[in-house]
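Just below is one structure, and these are the notes that go with it.
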Amino acid sequence: MLAAINHFHRQEFGLALAIFDLDNTLLGGDSDHAWGEFLCEKGIVDTDEYRRANDHFYQCYKEGTLDIQEFLAFALRPLAMLELDQLNNLHQQFMQEKVQPMMLNKAAELLQTHRQRGDFLLIITATNRFVTGPIAAALGVDDLIATEPEQTANGYTGRVSGTPCFQDGKVTRLNQWLGENQHSLEGSAFYSDSINDLPLLEQVSHPVAVDPDDKLRATAEARGWPIISLR
């Protein structure tokens, strides 16, 4: 499979911006949902109530019906409950217990293929930066665009800062990033699993569906977009 991907890249892609969704694309799971589950397991939140809400929002996300503001009010609240040192210690455990098992060898190979070709590796994700920053660092990408949790000198407030990096918001946030960096979408690729990312997939030169959900698979097939698996 990877040989075919490499051949496709060599033939079709120039040295350019290689953009990747994170959850269920580069990872074999969803880090946002996993963080909520982790908080339940550690007794940080009310387990039964929080788990029900966490599962509900994740199902809405998969169906393409998520109210992002409602979800962020829920998901960012625990960040405001804890001191930064405690949060960082918890995240180290989270990386070991939840994230490491979701790492995919084929995803690492795909990143390395782009890296060796000189492409700029960018993750763009709806999941907040507290959760995803260390994951992006572990994957060795060049930069990360994520939903930004509001933070003061005293810690997180539980609110979102700026535009959530979700659906059309990914296009907005990427355009802001392009305005601040010397890159363009000419020759760019975007890898994603989710129909939620259709607005950005439509903006890049080379959209690629990765282990896609049913709606994205149907769209990719109809439009002749490549469909690959990293599982």
task: For Glu83 and Glu221, compute 0.36 nm times the residue count separating them, minus their Cα-Cα distance, and round to one decimal in nm.
output: 45.0 nm
task: Using Cα centres only, tell me the gap between the stretch 29-70 and the stretch 78-101 in whole Å.
output: 15 Å
message: Which one, Gln92, Pro78, Leu121, is farthest towards the positive end of the dipole of the stretch 41-144 when Lys and Arg carry +1 and Asp and Glu -1 on their Cβ?
response: Leu121
field: Ranking by accessible area, most exposed first, for Tyr61, Tyr191 with a 1.4 Å probe
entry: Tyr61, Tyr191
field: Prolate/oblate/rounded call for the stretch 78-207, Cα gyration tensor, a/c under 1.5 rounded
entry: oblate
- prompt: Out of Pro101, Pro78, Pro149, any idea which swings most in a Gaussian network model of the chain, alpha carbons joined below 10 Å?
  reply: Pro101
query: For the chain, modelled as a Gaussian network with Cα springs under 10 Å, which listed residue fluctuates most, Leu72, Leu82, Leu139?
result: Leu82
14 Å reach of a label modelled at Ser205, 7 Å along Cα-to-Cβ, counting backbone N of the stretch 117-158: 118-120
- request: Would you tell me the accessible area of Ile68, worked out with a 1.4 angstrom probe on the heavy atoms of the protein chains, in Å² to the nearest 10?
  value: 30 Å²
field: Residue-wise HN-Hα coupling along the stretch 47-60, computed from phi with Karplus coefficients 6.51, -1.76, 1.60 (Hz; x: Gly, Pro)
entry: 4, 5, 5, 5, 5, 4, 5, 4, 5, 4, 5, 5, 5, 4
task: Bin all alpha-carbon pair distances of the chain at 5 Å intervals from 0 and give each bin's fraction as a whole percent.
output: 1, 6, 15, 19, 20, 17, 11, 6, 3, 1, 0
statement: For the chain, the accessible surface attributable to carbon and sulfur atoms (probe 1.4 angstrom, ligands and nucleic acids excluded) amounts in percent to 44 percent
- prompt: For the chain, what is the mean residue ellipticity at 222 nm derived from helices alone (per DSSP H run of n ≥ 4: -39500 (n - 2.57); sum divided by total residues; nearest 500 deg cm²/dmol)?
  reply: -14500 deg cm²/dmol
query: With every protein chain present, what accessible area does Phe120 have (1.4 Å probe, heavy atoms only), rounded to the nearest 10 Å²?
result: 50 Å²
- line: GNM on the chain, Cα springs under 10 Å; top mean-square fluctuation among Gln96, Gln182, Gln167 goes to Gln182
message: Let me check something: with ligands and nucleic acids excluded, how do Lys106, Lys98, Lys215 order by accessible area (1.4 Å probe), largest to smallest?
response: Lys215, Lys106, Lys98
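How large is the charge dipole for the chain, taken about the Cα centre, if only the Cβ atoms of Lys, Arg (+1) and Asp, Glu (-1) carry charge, to the nearest 20 debye?
Charge dipole of the chain: 480 debye, to the nearest 20.
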statement: Between Asp168 and Glu150, the two model label points (7 Å from Cα along the beta-carbon direction) sit apart by a distance in nm of 2.3 nm
query: Going by accessible area, probe 1.4 Å, with all protein chains left in place, what is the ranking of His91, His206, His56, largest first?
result: His56, His206, His91
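Could you work out how much longer the chain between Arg51 and Asn105 gets when fully extended? Use 0.36 nm per residue separation minus the Cα distance between them, nm to one decimal. Could the numbers behind the result be given before it?
Numbers: separation 54, 0.36 × 54 = 19.44 nm, distance 2.94 nm.
Value of the extension gain: 16.5 nm.
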- line: The answer for GluC sites (Glu not before Pro) in the stretch 69-154 that fall in a DSSP coil and have at most 14 neighbouring Cβ atoms within 10 Å is Glu83
FRET E, pair Arg159, Gln116, Förster distance 41 Å, beta-carbon r, rounded to 0.05: 0.50
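The values are calculated or read from the model by the stated rules, or taken from the named source; none is laboratory data. Everything numeric here is computed off the predicted structure, so don't read it as measured data. Glycine gets a Cβ as well: all are built from the backbone with ideal geometry, and neighbour counts include every protein chain shown. Surface areas here come from the heavy atoms of the whole protein model, side chains and all, with no ligands, DNA or RNA. Shrake-Rupley method; radii C 1.70, N 1.55, O 1.52, S 1.80 Å.
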